[in-house]
Structures are given as C-alpha cells and as structure tokens.
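Have a look at the structure that comes next, please.
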Amino acid sequence: MHRHRRRLLTIVTESAIESRLTKDLDRWGAHGYTITDARGKGARGIREGNWEGNRNIRIEVVCDEDTARHIADHLREDYYDHYAMILYHSDVEIMRPEKF
Amino acid sequence: MHRHRRRLLTIVTESAIESRLTKDLDRWGAHGYTITDARGKGARGIREGNWEGNRNIRIEVVCDEDTARHIADHLREDYYDHYAMILYHSDVEIMRPEKF
Amino acid sequence: MHRHRRRLLTIVTESAIESRLTKDLDRWGAHGYTITDARGKGARGIREGNWEGNRNIRIEVVCDEDTARHIADHLREDYYDHYAMILYHSDVEIMRPEKF
Amino acid sequence: MLDPVVLFFLLGVTAGVLKSELRLPVQVYELLSILLLLAIGMKGGIELARQPFFELVPQMLAVIALGFVLPFLVYPILMGPGRMPRADAASIAAHYGSVSVGTFAVVVAYLAARDIAYEAYMPLFVVLLEVPAILVGIAMAKGLRGTTGWKASTHEVLLGKSIVLLVGGLLIGWLVGEEGIKPLEPLFFHPFQGLLALFLLEMGLVTASHLGSLRRYGLFLLAFGVVTPIVFATIGVVLGWLLGLSMGGAVVLATLAASASYIAVPAAMRISVPEANPALSLAASLGVTFPFNVILGIPLYHALSEQFYRYTGAS
Amino acid sequence: MLDPVVLFFLLGVTAGVLKSELRLPVQVYELLSILLLLAIGMKGGIELARQPFFELVPQMLAVIALGFVLPFLVYPILMGPGRMPRADAASIAAHYGSVSVGTFAVVVAYLAARDIAYEAYMPLFVVLLEVPAILVGIAMAKGLRGTTGWKASTHEVLLGKSIVLLVGGLLIGWLVGEEGIKPLEPLFFHPFQGLLALFLLEMGLVTASHLGSLRRYGLFLLAFGVVTPIVFATIGVVLGWLLGLSMGGAVVLATLAASASYIAVPAAMRISVPEANPALSLAASLGVTFPFNVILGIPLYHALSEQFYRYTGAS
Amino acid sequence: MLDPVVLFFLLGVTAGVLKSELRLPVQVYELLSILLLLAIGMKGGIELARQPFFELVPQMLAVIALGFVLPFLVYPILMGPGRMPRADAASIAAHYGSVSVGTFAVVVAYLAARDIAYEAYMPLFVVLLEVPAILVGIAMAKGLRGTTGWKASTHEVLLGKSIVLLVGGLLIGWLVGEEGIKPLEPLFFHPFQGLLALFLLEMGLVTASHLGSLRRYGLFLLAFGVVTPIVFATIGVVLGWLLGLSMGGAVVLATLAASASYIAVPAAMRISVPEANPALSLAASLGVTFPFNVILGIPLYHALSEQFYRYTGAS
Ligand SMILES: Nc1ncnc2c1ncn2[C@@H]1O[C@H](COP(=O)(O)O)[C@@H](O)[C@H]1O
Ligand SMILES: Nc1ncnc2c1ncn2[C@@H]1O[C@H](COP(=O)(O)O)[C@@H](O)[C@H]1O
Ligand SMILES: Nc1ncnc2c1ncn2[C@@H]1O[C@H](COP(=O)(O)O)[C@@H](O)[C@H]1O
Ligand code: NA
Ligand code: NA
Ligand code: NA
C-alpha cells in the first residue's frame, strides 16, 4: 500500500451558502468535497439547526497543500468576515493520489 | 497565511446527554463546538440511530492543548463509565487563533 | 492522562452498501465504527443525498495501524473499483487503548 | 381478530428479525410521536373542559398515588430474586411504575374498534402516571438525601418531550374545547389510527433490535416482563372499580398500570441514574412487556375487567 | 378568544423559554413549510382561474408598488434614530417590506374561524409582495451601480424555495381549477390548520431562541417591531379600501403589509448583503413582529378595518 | 388535460433544471415512499380478501412469467446495437423487466380521475413483477454457475424496502379486509393523491439531476427509453386481454410492463452487480422512461388498450 500525504480541510459554516460555496470550491481547484449537516456554537452564538435560518454544514475537502492554501485564502477574503465560519487543516494519508 | 496549532477533540456519545454535555463543555472552557448526528457500534453494542433511545452524536471541539486535556479529564470522570462514549484527539492548524 | 496513538480511518461512500460494509468491517477486525449521513462530489459526480439512490455515508473507524492497513487493503480489493468511495487515514490519540 | 395497528407492529418485528433493509428515518419517528402525544393530550383536554374539574380530584389523587406505589411492588423482586444492582432495580421499577403512551394509544384503538365506552378524560391519567414513578426511581437509586441534582432531575423530567406535549395538548384542548378544536381534527384526530400504525411499525423494528439483548439477560427478565403487567393490570381493574370508573375505563386504567415506559423514563434515567444499564430496562419494557401488552395483554385485561365487573355487578 | 393555532405558538415559545427538551426535527419544519406554501399557492390559483385575469391587473400593480414603497418608509428611521449601519438598515427594511407566509396563514385561519369573507385570490398578493422589497433592500445596501451580483441576486431570489412553491402551486391551481384539485384536498387543504398549528409550534421554539438576542439589541428594536406593523397595517387597510377590496380583504392586505419576512428575505440577504447581521433582523421580525402580529396584531387590524369601513360606509 | 400529480412532476423538473434552491429532505422522500407502498399493498390485499385466491393463480403465473421474459427482450439490443458491457446490459434489462411503483400509482390516479374500472387486485401484480427481472439480471451478469452470492442476493432482494412494505401491506389488507382497514383510511387512502403529488415533485427534482448524465450517454439511451416502454406496453395489453382482464386492467398491466424500476432494482444491482454503472441505468429509467410514461405513455397505453379491446370486441 503506497501512501501519499494530502491535506484535509474542514469548514463549518452556515447552510445558507452551501450552493454558492460548493461552486466556489470547484473553481478554486477542489476535486471533490463531502458535506454533512451540523449544528453548533461559536463566536456568533448558538446555531441550533432546527430551522433553515440556523443550520450549519460541515464540509471536508481532501486536496494537496497548494489547493488547501488557495482555498483557505479565498475563504478568508470572501466569506470569513460576514459568515459564521471556522476552518481547520490537518494531514491525512490517502491511497489513490490521482483522485485528489 | 499564519498558521497556529490547536487540538481537535472528537467525542462520539449518546444523544440523550447532548444538552447536559454542551453546558459542561462551556464550563470547561470550550469556545465552541460542532455537532453532527451519528450512529455506530462499539463496546456497548449497536446504536442504530433510528429511535430516540439509540442515537449518537459526534461532537468536535477545536481548542488549545490545555483545554483539551481539561475537557478529556472531566469527561473521563463524569461520563466515561456510564455512557456509550469514545474520545480522540488530533492536531489541526487554524487561521484565527483568537477564536479558539 | 496516558495517551496512545491509533489510526483514524475515514471512508466516504454510497449508503447503498452500508449494511454489507459494516458486516465486513466487523470481519476485518474493527472494534467499532461511527457513521454519519453525507452528500458530496467526487470523480463519480455529484451525490446530492436527496434520494435513496444518491446518498453518501461517512464512516470512521479508530483502530490500530495493522487493522487500518488490513481494512484499507480489503476495501481496495472489494469495493474501490465499483463504488463511489474515498478513504483517508490520520493519527489520533485515544485514552482507553483496550477499546480499540 | 387482531387490530390492524397490531399487525403493523408484527410487520415491524418480522422485518427487523429477518434483517430487512426497511428503516424509518428517526425524524419520521419523531413526527409521529409528536402528533400522537399532542392528539392524546388534546382529546383529554376537550373532555376536561366538559366536566367540573374538582369532581375529578379524588380520582386524580388516587392515580398519582398509584404511580408512587407501583415501583415499590417490583423493586424488592428485582433486588431479591432478580439479583440486580440497586441502580438497575430502581430504574426498572421506574419504567414499570410509569406508563407507555404507545400502549395507551393501542388500548384506545382497541376499545374504539369494539365500541366500548370509557371515561374520555383518561389522557389526564397518562400525564399523572408518567412522572411519580420517575421520582421514586431516582430516590431509590440515589437516596433522598443525595440532594445534588434533585432539582435538576425534576426540571428535566417535567420538561421532557412527552410531558410538554401531553400537558400542552391537554391545556390547548381544555382552553379551546370541542368546537374550537374542530379545524385541527383532520391532522390530529382523523388519521390517528394510521399514525399509530406507522408508529407501531417503527416500534416493531426497534423491538426486534432489543430481542438480542433479551437473550443475554435471560429468563428472569422474560418472566418479570410478563407477570408484572398482569399483576399491575389486576390492581388497575380493582382501583378503577373502586373509583367508580366504567368497565371500559377500568380496562384503560389496567392497561396504563400494566404498561412500562420506553420513552420518558429511559430518557430521565439516562440523565439522573446513568449507572443503570439502559439495555436491561429496555429489553424488559420494550422487548417483552410492550409486545405482550399490545398482542395479548389488552384482550386479557378486557376479559379480566369484564369478569370482575360482572361479578361485582357494576356497570 | 385565542385561536388554537395561536396557542400552539405560545406552547412553543413557553417550551423554548423554559429550556424544555422539545425539538422538532428540521426536516419536519421543511415538510410543513412545503405543504403550507403549496397549499396557499394552489388556493390562490384556483381563485385566479375563476375570474378574468386582466381585471386584477390594477390591484396587482398597486400591490407591487406597495412592496417597493414600504422599505423606504422605514430605512430612514433605521439609519437615523436607529443608528444602524447601512447594510443592517437595508436588510431590515427589506424584511418589513416583504411578507411572512406564516402570518398570512394565521390571518386566513382567523377570518375562516369568524366566517369573514375575503378575496380568495389573496395568495397572489403574497407572491407579489415577496420579491420587490428584497430588490429594494439589495439596492439600498449596494447602490444601483454595483451591478456585480445583481443578476445572480435576482436569480437566487426568484428561485428561492418559497417563491418556487408559491408560484408553482399558483400555476397548478390555476391550470387545474377547483374540480381538478379535489383529489389533493385531503393532504393540502383539510389538514391545513393542523399543519399550521405544528408550524407555529416550531416557530414558537425558534422565536424563543431569538428573544435572547433581542435583549442584546435593546428597546429600539422592540418599539420598531411593534410600531412598524401598526403603521403598515393602516396603510394596508386604506389601500385595500382604495382598491375596492371587501372589509375582510382589507384585513388580509393590512396583515400582509404588517408582516415581516423571516424565511425568504433572510435567505436572500445572507447571500446578497452578507455584511448585514442576521441576528438583528431576525430578532425584530421573528422575535417581536411575528408574535405581535399573531397574538395582538391581527385582531387589531380587524378592528381597524371594521371601523374604517364602517366610517367610510364601504361594504 | 394533465392530472395535477403530473403537474407536480413538471414543477419538480422545472425547479431542478432552473437550479432552484428547492429541496425535499430525503426523510420526507422516505416517508412518502413508505406511505405509498403500504397503501398500494393494502389496497391490493383488500381485494384479494374478496375473491377465491386460487382463481387468480393462472393470472399470477402468467405475470411472473412476464417478469422473467421481459429482460430477455432487451438484453440483446443493449449488447448489440447498444454496445454496452455485459454488466450494464444485464442491469438495464433488470430495470425494464421490473416495475416502477411510482408509475403504477400514477396510472391508478389516471384511471380513477376518468372513472375507468380495473381489477383492484393489481397491486398483487406489482409485487409479482418486482422480483423476477432482478434475478434474471443477476444471472445475466454473473452466469448461473457463479453460485457465490446467489443466496445472499436473493435474501437482499426479497428483504428490500419496497418488497417488505408491499407484501406487508398486502398481507395486512388481506387479513383485515375492507371493514377492518377503515380506521387507517384517513392516513393511507384519502391523501393518497396528495402524497403522490409530493412524491412526484421530489422525483422531478431527482429526474432533473439525471438529465445531465443523459446527455453524456447519448441518443441510444433516449431512443431505448422511449421505444421499450411502448413495445412492452403493447405486450402488456395483449397479455391482459388474453388473461381476460377488463380494458382498464389491461391499461394497468401495460403500464406495469412499460415502467422501469428506479428504486428496488438499482438498490439490488448496486449490491449484486456492482460493476454495472448506476448512472447509465438511472439516466434511462428515471431520466427518460419515467417522465415519458407519466406524461405521454399512460394516455397512449389507454388509447392503445381501448382500440385493441374495441377491435377484438372485448369488454
Ligand atoms: N471552537 C470550536 N470548535 C468546534 N466548532 C466550532 C468552534 N467554534 C465555532 N465552531 C463551529 O463553527 C460555527 C461558526 O462559528 P462562529 O463563526 O465562531 O460562530 C459554529 O456554529 C460551530 O458549529
Ligand atoms: N473503534 C471505534 N471507531 C469509531 N467509532 C467508535 C469505535 N468504538 C466506538 N465508536 C463509537 O462510539 C460509540 C460509543 O462507543 P462504546 O461506548 O464503545 O459503545 C459507538 O456507538 C460508536 O458510534
Ligand atoms: N477530494 C475530496 N474531498 C472530500 N470528499 C471527497 C473528495 N472526493 C470525493 N469525495 C467524497 O467521496 C464520494 C465518492 O467519491 P468518488 O468515488 O470520487 O465519486 C463523493 O461523493 C464525496 O462525498
Ligand atoms: Na405502569
Ligand atoms: Na410587510
Ligand atoms: Na417493466
């Protein structure tokens, strides 16, 4: 089993921007993403997820270092100030490097 | 892009204790958390998630090393023996250190 | 707090194979797993998750290095070619090593 | 003849045992239980609006007393012959002292199908029986002195989902009365039996997944889960007769006494008596007593009540 | 006397404020809003099928104009005495210029319970009032020249969930007519009030969670959230009278004017004016104006309209 | 005139194609399909209870044979002119040999709206037609000798959601009979068309998302998805006539033959023939054949059957 290092970028944000955000992720070079519904609490208060106005989504993108950096920069510019959003990175190992 | 290391604490446990647990996380110093609904299997058997009695939640907390340790210690004392629960940590990099 | 390193294996795939896959995970030595519902996009297109035919699941397994390798090998053989599926690994620290 | 709603339960159990791919989303389960709880509450409230409240006070006090007494009848059996740890004995006692709203709905459907009258304010008793046994169970597990958490526990119990919806429905029905509730009937009352059927389908699936843990806990639980409801139902019939209820009313009270909670009490115990093993109490209440009541128990309590009322010459 | 649906709202608020464990799954909320929007749309469409479309054109144009004008009446107040940043003032102006479908459903239930007639094609006005204020709000925040995103914004607004379902329902009702829609009545029309009751239960829970942020934003929002609907309702009554609506129709138009959006507009503002703080506008529209309208406002606008029509000798 | 349920389908397709924000939660989709499957099953069961079972045996055997034969009619076409890999040809053959419950519901609504009688035990045929083609498809892909997995596959197919609910409903309807099922009507039968409308709205949205992959797979699929149902429907009309069905019954059997599965078969193929590309078969069955049947096919099969029965002088 050959292993390859990639970055796992996790974004938690408002569900209201899901379709806009996924379009942007495409444009910024992500080859894929995985979304789960979430709720939570942060600097912008509690988002209970029981109503369309307060749902979160949790997006994961596996990509190479450069793309991760690129996406994070764009998110900071275009979204960070005005939306409930957090973002974190970590290292993961994958098996089929051509996919990511 | 300045990067800062933090800990990502992931807890999987019974949904019955969600509101009590989130109150405790606040008290123990977490600045935020993200929750998703889950199901699973572990030492306490299968939790199918098709009924209020057997749902899991998956909680993520991004915080500094000390808070993570603090939370984990408390969870072990107050919850670990009596509830279906697992807990694991990993390193993540974040962008806005003031938030966590 | 004693810490122990383990591997966290994350699989994102079609929900259609959930029951078959969890049976396999058992056989391949996983002591537990956590599942959340997901949607996403990858090489096999968009899976919107609004219908039984296009839902994803996200499975996490915490286990030791060997089991992780074993599971990954089997997944590659039995599932990888024919199903929408990605797989990645990372290191995590856990507290109760006997559970995993 | 089996009621169709019971057949849905059996369908669910069968599908579960055969490991079918059938699943009901948990959100559907929640919608169904919300609708059933509100409907039951409102029905009771409408009836309450019909009669002078104070006339019911003696019955209400008796029913509350029943809720406090029942757990004490089983606790020693669970500790003694059952050899259970204190927390588990206390938790199971609370489950059996409290009530199952699902079972209540089935007995109501059963009587309606047979045109048997009963006191229509019975949902009030459901509410009254739900809580006392929980408090007794917590006290049994923790002792009365361990005051820590008492206030929190009571708060959590009283504000649990089922109490809020039952009491909320009761108040709305009571304030609005039969005429006022009319516009809500097509959602809450007309499809009631259909909603119950779906609910029982889901409970059948859940029951099937508890049959396994039943096997693990052995014969004692099985016997306990069958004998207790029969004894409690007998107490219920006699109490119903003492309180001057109709024969049908006695069947309902018997079924309430015989039923074991699997929603409100497990949730409360999880929070207040976490050291109790939930698999144990659910194996008994959901894996044994619920199916027993739904399939055999209710017709049995009906026969029991009929005999008793005939013998005593009542109603 | 309070309508039962309003009691469900109060039950939700109470449960939320008391921090009960009661939750409605978001999927139930979505199912309810889909059913309500389609039902309202279809009802309107059926009525449209009944009358020559061109006769309604003058009323339609007037209502569209109302949607464009209302935001301008509050924007200066929000900027001046309210001391709000431009984006927030624009966003709130859009919320209040647009309509709340939930409030519309409540006024319809209110009039039905009192057997008061109104022009049954009113759902058409809901559709017409929904969009203009959003466009005005975006223009207020961004200026007309910042053409970037204008096309995208309009696309997003017109294809938002509520517009698609309202317009879709309207077209289906219009094409199919009263006879053709009959088979759909048991799902969409008969249980309408029950669905509305559940929807209001959920909105009560959501409202409760916005009361906190209300406290943070102070008295201005509270006063604004009560005075604005009264003023707008008055405008609505007068406009209804000018357009020759019946007294009941004027009550509906007044309520529409008085209502503030909490579904379509927040979603649109989140995308098009992200720098506006959603907690602020929701605290006003959901935390103050919605409960005010549902509990006190609608009876008030009814009285207002009655007086006005009596005074002017109309209908 | 288009039935309102068909308009809901078109609304869904339109919203999907225009990339509207409208989404139905998957849990709503699941609730709807559970209700529809149970209702269809129960309706069939009630009718079965009405007549001597053995009289139906010849028809049942013929229908089962139809299910085994149909896949063989298309497999060579898919392999030959279609140039498809064996697994894909087998999978698509299974889709078209089996049935679509959604299409069945639409034809039932179609006939009801026109007061055309048909044999009410038709849901039995839905059950009988669902499975054989799946087995044929697996055999086509794997060969009969590759016994590994045969038992598992059959188990999975027979315990799939749709079979369990259809058969379960059938048995319940059969055991309980028309009288006994009455209390369940307000949930399962009265709102049937409304539930179907919502279901079709969702299927419209899903269909829209498959139109893209249709473009990718080109003209062959499009032609195949239109011609196959017409040919199969003709076979269905003739078979219905041979079996002595009424004209309406022949329309239903024709529609069943013409319909292609998009629920049970895809799930079974995913497990048993994973090397088949699901996008391909769904593009055909959901992207072409389903809309074709719902909008044009059913009226066409109606006309076909009418002509044929007139010509042959039957009923
Ligand atoms: N420290 C944290 N750990 C985990 N999740 C967080 C944290 N802070 C915020 N979140 C999530 O990110 C969302 C938006 O965060 P915020 O912008 O800080 O309100 C919250 O609703 C949470 O779901
Ligand atoms: N090895 C594991 N990997 C991933 N998730 C696990 C594992 N073990 C347990 N879990 C999750 O944690 C929950 C509680 O675990 P337990 O207390 O071991 O029953 C389970 O229901 C699973 O969702
Ligand atoms: N680069 C990626 N990052 C995160 N998730 C992905 C990525 N690629 C694929 N996925 C997820 O894995 C599923 C199957 O991927 P695929 O087999 O590539 O279509 C997708 O539907 C996504 O949910
Ligand atoms: Na009891
Ligand atoms: Na308004
Ligand atoms: Na077919």
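The values are calculated or read from the model by the stated rules, or taken from the named source; none is laboratory data. Note that the structure is predicted; figures quoted are calculated from it, not measured. With ideal geometry, Cβ positions are generated from the backbone for all residues, glycine too; neighbour counts draw on all protein chains shown. For the accessible areas, the whole protein counts, side chains as well, though only heavy atoms, and no ligand, DNA or RNA atoms are used. Shrake-Rupley method; radii C 1.70, N 1.55, O 1.52, S 1.80 Å.
If you check every pair at least six apart or on different chains, which have Cβ atoms under 8 Å apart with a residue in region F:213-227 that is closer than 15 Å to F:A257 by Cβ first and a residue that is not in a helix (DSSP H, G or I) second?
F:G225/F:A260
Could you please find all residues in region D:249-301 being within 13 Å of chain B (Cβ to nearest Cβ) and not hydrophobic (A, V, I, L, M, F, W, C)?
Of everything in region D:249-301, those that are within 13 Å of chain B (Cβ to nearest Cβ) and not hydrophobic (A, V, I, L, M, F, W, C) turn out to be D:S261, D:Y262, D:P266, D:R270, D:S272, D:P274, D:E275, D:N277, D:P278, D:S281, D:S285, D:G287.
Examine region B:86-95 for a residue that is open to solvent by 20 Å² or more (accessible area, probe 1.4 Å), within 14 Å of chain D (Cβ to nearest Cβ) and touching a helix residue (DSSP H, G or I) at 6+ places or on another chain (Cβ under 8 Å), and state whether such a residue exists.
No; the residues of region B:86-95 include none that is open to solvent by 20 Å² or more (accessible area, probe 1.4 Å), within 14 Å of chain D (Cβ to nearest Cβ) and touching a helix residue (DSSP H, G or I) at 6+ places or on another chain (Cβ under 8 Å).
Got at least one residue in region A:32-39 being over 30 Å from E:V206 (Cα atoms), within 12 Å of the chain's Cα centre (by Cα) and open to solvent by 10 Å² or more (accessible area, probe 1.4 Å)?
Within region A:32-39 (the criterion being over 30 Å from E:V206 (Cα atoms), within 12 Å of the chain's Cα centre (by Cα) and open to solvent by 10 Å² or more (accessible area, probe 1.4 Å)), the answer is yes, since at least one residue qualifies.
Could you list all residues from region F:185-217 that are closer than 22 Å to F:Q27 by Cβ, among the polar types (S, T, N, Q) and more than 8 Å from chain E (Cβ to nearest Cβ)?
Selection gives F:T207, F:S209.
In region E:45-61, is there at least one residue being modelled with pLDDT of 95 or more and either closer than 25 Å to E:P291 by Cα or within 14 Å of the chain's Cα centre (by Cα) (or both)?
No - not one qualifying residue is present in region E:45-61.
Under 9 Å between Cβ atoms, which residue pairs at least 6 apart in sequence (or on different chains) link something in region F:90-106 that is open to solvent by less than 10 Å² (accessible area, probe 1.4 Å) with a partner that is of a type in the set (K, R)?
F:A90/F:K142
Sticking with this structure for a sec: Using the structure shown, decide if F:A141 is assigned to a helix (DSSP H, G or I) and within 30 Å of C:D78 (Cα to Cα).
In short, yes.
Still on this structure: Inside region E:221-233, can you point out the residues that are more than 18 Å from E:H302 (Cβ to Cβ) and open to solvent by 20 Å² or more (accessible area, probe 1.4 Å)?
E:L222, E:A223, E:V227
Before we move on, is F:G218 part of a loop (DSSP other than H, G, I, E, B), over 15 Å from the mean Cα position of the chain (by Cα), surrounded by fewer than 24 Cβ atoms within 10 Å (Cβ to Cβ) and more than 16 Å from ligand 2 (Cβ to nearest atom)? Quick ask: steps written out before the conclusion?
On the way: part of a loop (DSSP other than H, G, I, E, B): no; over 15 Å from the mean Cα position of the chain (by Cα): yes; surrounded by fewer than 24 Cβ atoms within 10 Å (Cβ to Cβ): yes; more than 16 Å from ligand 2 (Cβ to nearest atom): yes.
Taking the combined requirement at face value, the residue does not satisfy it.
Follow-up question, since we're still on this one. Here are D:I263, D:I163: which of them is open to solvent by 30 Å² or more (accessible area, probe 1.4 Å) and touching a residue at least 40 places away in the same chain (Cβ under 8 Å)?
D:I263
Here is a further query. Tell me which residues, restricted to region B:51-69, are part of a helix (DSSP H, G or I) and either within 10 Å of another protein chain (Cβ to nearest Cβ) or aliphatic (A, V, I, L, M) (or both).
Residues satisfying the conditions are B:E52, B:G53, B:N54, B:A68, B:R69.
Here's something else I'd like to know. When you scan region D:269-288, do you find a residue that is among the hydrophobic types (A, V, I, L, M, F, W, C) and over 20 Å from D:L78 (Cα atoms), even just one?
yes
Next question, about the same structure. Which helices (runs of 4 or more DSSP H) does region D:1-82 wholly contain that include 1 or more residues that are more than 20 Å from F:I172 (Cα to Cα)? Reasoning before the result, please.
Details: elements: D:4-17, D:26-50, D:53-79.
Helices (runs of 4 or more DSSP H) meeting the threshold: D:26-50, D:53-79.
Tell me which residues, restricted to region D:83-101, are part of a loop (DSSP other than H, G, I, E, B) and not aliphatic (A, V, I, L, M).
D:R83, D:P85, D:S98, D:S100
Give me the strands (runs of 3 or more DSSP E) completely within region B:1-50, filtered to those with at least 1 residues that are aliphatic (A, V, I, L, M), under 21 Å from C:R3 (Cα atoms) and facing chain C (nearest Cβ under 10 Å), ordered by residue number.
B:4-14
Do we have any residue at all in region A:79-87 that's farther than 21 Å from A:I17 by Cα and more than 12 Å from the chain's Cα centre (by Cα)?
Scanning region A:79-87, I find no residue that is farther than 21 Å from A:I17 by Cα and more than 12 Å from the chain's Cα centre (by Cα), so the answer is no.
Looking at region C:71-85, which of the residues that are within 13 Å of chain F (Cβ to nearest Cβ) and farther than 12 Å from C:T13 by Cβ is most open to solvent (accessible area, probe 1.4 Å)?
C:E77
Failed condition for E:E119, given (1) within 22 Å of E:L66 (Cα to Cα); (2) assigned to a helix (DSSP H, G or I), with all others met?
Answer for E:E119: the failing condition is (2).
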